[in-house]
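Structure, as structure tokens:
The values are calculated or read from the model by the stated rules, or taken from the named source; none is laboratory data. Nothing here was measured: the structure is a model prediction, and the numbers come from that model. Glycine gets a Cβ as well: all are built from the backbone with ideal geometry, and neighbour counts include every protein chain shown. Calculation scope for accessible area: heavy atoms of the full protein, side chains included, ligands and nucleic acids excluded. Shrake-Rupley method; radii C 1.70, N 1.55, O 1.52, S 1.80 Å.
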Amino acid sequence: MPTSAAEALSTIPLFRNLSSRQLRKLQRSAAEDHYEPDATIVPQGGRTTTLCVVLEGSVKVVKNGKTISHLGPGQYFGEISLIDGRPRAASVISETPVRCLALSQDSLQKLLMTEPSVSWALLESLAQRLRGE
């Protein structure tokens, strides 16, 4: 299981085609957050635009009061809201102490504007995801 920020980012399908240098640049623009158990990291319907990668601990994803999944180290949430800016489809609540890496929409947009090759790598990853690869 990845524990470093760069390792964690490299596991996300959206970022898997990025070079080590590009991953380090992305990591530098991210913030590391810590949560105690039972903390609401993102609320359902919230307008946050942050992608979070779980580095340590576990979280539960809750939609309309029902737990729909559990995520642990190397897993992530918020990628859809990061891209489209629409309200969160579910709440994410820490089950244990959690350390996660948060990447803002602004940070990703700045990276894409200064590193056009990152944009292409992300498009390749999205195309693979759409094809089910």
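Tabulated data for the structure shown
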{"quantity": "In nm, spacing of pseudo-spin labels at D33 and T114 (7 Å Cα→C-beta vector)", "calculated": "2.3 nm"}
{"quantity": "Placed amide H near G46: partners under 5 Å, 5+ positions off or other chain", "calculated": "R88"}
{"quantity": "With every protein chain in place, the chain: carbon and sulfur % of accessible area (1.4 Å)", "calculated": "53 percent"}
{"quantity": "GNM flexibility winner over the chain from L23, L108, L123 (Cα, springs under 10 Å)", "calculated": "L123"}
{"quantity": "Phi to ³J(HN,Hα) by Karplus 6.51 cos²θ - 1.76 cosθ + 1.60 over the range 18-26, Hz, x for Gly, Pro", "calculated": "7, 6, 4, 5, 5, 5, 5, 5, 5"}
{"quantity": "Built amide H within the under 5 Å cut-off of A39, gap 5+", "calculated": "S94"}
{"quantity": "Per-residue ³J(HN,Hα) for the range 74-87, Karplus 6.51 cos²θ - 1.76 cosθ + 1.60, θ = phi - 60°, Hz, x for Gly and Pro", "calculated": "x, 8, 9, 8, x, 5, 6, 5, 4, 7, 9, x, 7, x"}
